[in-house]
């Protein structure tokens, strides 16, 4: 099973933070929920197992993944299940600072 989030934004660069917590399989074992994370069709995380990384009921954050929004104005974040159903607890999207050209 897969989970997809699409956000409409202005063209430009953004930082995406993803927040996770294993709140269902609180007694484990590892491997009950394993998934890949894609942003703009690029794999940014392979075989994430929240429980294996931090255990149950604890936060796990993936922060400052830089994403470019093109002419279509869309950020697509896809969670693709390897085993079990993917889970995301929160998504935060921040506009990246614009670099000023030197004069």
*Multiply the residue gap between residue 100 and residue 80 by 0.36 nm, knock off their C-alpha separation, and tell me the result in nm, one decimal place.*
3.5 nm
*State, as an integer percentage, the relative contact order of segment 2-95 based on alpha-carbon contacts under 8 Å between residues 6 or more apart.*
49
*asked:* Sort 35-48, 3-16 by packing, meaning the average of other beta carbons within 10 Å per residue, with the highest value first.
replied: 35-48, 3-16
*asked:* Is the C-alpha gyration tensor of the chain telling us rounded, prolate or oblate? Criteria: a/c under 1.5 is rounded; beyond that, a/b larger than b/c is prolate, otherwise oblate.
replied: prolate
*Based solely on its DSSP helices, what 222 nm [θ] is calculated for the chain when runs of n ≥ 4 H residues each add -39,500 (n - 2.57) and the sum is averaged over all residues, nearest 500 deg cm²/dmol?*
-1000 deg cm²/dmol
*Nearest 5 is fine: what % of DSSP beta bridges in the chain come out antiparallel, could you say?*
95
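Laboratory data are not the source of any read-out in this text; all were calculated from the coordinates shown. Owing to the predicted nature of the structure, the values given are computational and were not obtained by experimental measurement. Ideal geometry is used to build each Cβ from the backbone, glycine not excepted, and the neighbour counts take in all protein chains shown.
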